[in-house]
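Quick notes on the structure that follows.
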Amino acid sequence: MAAQDRRGFLRAVGLAAAALPAARVLGANERVNLAVIGLGGRGRNHINEYAKLPGCRITAVCDIDQKALDDGAALVEKLQQERPKIYGDMRKLFADRDVDAVSLATPNHWHALGAIWACQAGKDVYVEKPACHNLWEGRKVVEAARKYQRIVQVGSQSRSIAHKRRAMQLLQEGVIGKLYLAKGLCYKRRPSIGRTPDGAVPAGVNWDMFLGPAPMRPFNPNRYKYNWHWFWDTGNGDIGNQGVHEMDIALWGMNLRTLPKSVVSTGGKFVCDDDQETPNTQLATFDYGSVQVVFEVRGLLTGAEGGLPLRGPNCIGNIFYGSEGFMAIDVGGFQVYKGEKRELVMDEKYTEARQWDTSPHMANFLNAVRSRKQQELTADVELGVTAAALCHLANISYRTGRKLNFDAAAGRFVNDPDANRLLTREYRSPYIVPDKV
């Protein structure tokens, strides 16, 4: 972090410029004091899940919406019989020495900056997916985690779900032979968001802080609660929303930890005439040389595919193809088909109670906070950033309208200034991701 930026941050969080607060050293069985930042639907889920876990106390909550803040604090008090501290500005929360770790459930465009600030303030971080809003800032989150020796877990909870862990192990052991293709599917029905005019900022909402690193714009209801996903300033479309889970599983199953040689992504926004900027139909292909990863988004009416079932109007999961057969996996279990007759040789199903459980993932994070062993995390920040990066590469190809060659070592597209400009963004002061964390 540049000296001026660092002094500004220290002033903002109310600390002396001499030093950031020292992290409290926890024993193996000691309670972790945790703060939840972002109290929308996912943030309230965080509160409910952490409240179940032994050795965790939610000591503070933070949101830019006073009503959400009050409701979140009331939920914590109901679950824990103790009212948490409340903050409207995460920078002030980061200065709280009683907070050991934070759980970030903010919109996408705040994930990286919030995680970096938290690391600089000596807090461990659970950050929702995607780990970053663009490729460049993802690298900065990893740098911050390593520099400040913080435990940073990304909310890719599939990595902690038993049947998905077993399926990935089977793939690595060769259950369908030599792998050559992974396909991720995000066929999630998304009705039109319509068109809404700009209007007055709702009472109690800090619109400036909601936008944060994004450009200042007039308040619009379609750019606020949840629908922020469908605007490039704040979201990444469904490939970076629901889809990043399946992207992560595709990389996991193929044992890929690097970025591809090239990407091509096509699609568009079909049928709907509304305010949404991101595509509701998208197909991306990533070339790794000897293997490929393919990803498809479909927000409109669709059927099932490749052994994956429809669950309501949705078909969400992964298909892996190998020299001896293929595997289909989703929230309900996995199936293995082998041979020329595509014989079903393995069919493992899981109960509803185990499909969506985030608790094991959060418990894994808290255990690593106590042990200080980053390698114990099931979804360390570097894994989460890599999965997010593929979503960003696909979106850049889609937005530029062409196939792009990528130099993973340099972290840049080859001879394509327009595409390289989309690797990062123009940050709005004072919400700037620093070049030197």
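The numbers here are math on the coordinates, done by the rules we state, and not lab data. Just so it is clear, the structure is predicted and the values come from calculations on it, not from any experiment. Every residue, glycine among them, receives a Cβ derived from its backbone with ideal geometry; neighbour counts consider all protein chains shown.
Tabulated results
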item: Net charge of neighbours whose Cβ lies under 10 Å from the Cβ of T400, counting Lys and Arg as +1 and Asp and Glu as -1; result: +2
item: Inter-centroid distance (Cα atoms) of the range 262-287 relative to the range 39-115, Å; result: 34 Å
item: The range 254-325: translational diffusion in µm²/s, Stokes-Einstein, Kirkwood Rh over Cα pairs, 20 °C, 1.002 mPa s; result: 148 µm²/s
item: Nearby aspartates and glutamates by direct alpha-carbon distance to K52 (threshold 15 angstrom, same-chain neighbours under 8 apart not counted); result: E77, E82, D357
item: Residue (of G411, A250, C391) at the positive-pole extreme of the chain, dipole from beta-carbon charges; result: G411
item: Summed side-chain charge close to D71 - residues other than D71 whose Cβ falls under 10 Å, Lys, Arg +1, Asp, Glu -1; result: -1
item: Helix-only CD estimate at 222 nm, as mean residue ellipticity for the chain, using -39500 (n - 2.57) per DSSP H run (n ≥ 4); result: -9000 deg cm²/dmol
item: Solvent-free Debye scattering, log10 I(q)/I(0), computed from the Cα coordinates of the chain at q = 0.09 Å⁻¹; result: -0.56
item: Which of Q172, I151, S192, positive extreme of dipole for the range 118-194 (C-beta unit charges); result: S192
item: Within straight-line cross-link reach of K67, lysines at Cα separation under 21 Å, skipping those fewer than 8 residues along the same chain; result: K78, K85, K92, K225
item: Lys, Arg +1 and Asp, Glu -1 on Cβ, resulting dipole of the range 29-172 about Cα centre, debye, nearest 20; result: 560 debye
item: Residue among P360, P191, P84 with the largest mean-square fluctuation in a Gaussian network model of the chain, springs linking Cα atoms under 10 Å; result: P191
item: Dipole moment magnitude, nearest 20 debye, the chain about Cα centre, only Lys, Arg, Asp, Glu C-beta charged; result: 660 debye
item: Partner aspartates and glutamates for K188 [C-alpha distance under 19 Å; skip if fewer than 8 residues away on the same chain]; result: D238, E246, D248, D273, D274, D275, E277, E296, E305, D330, E352
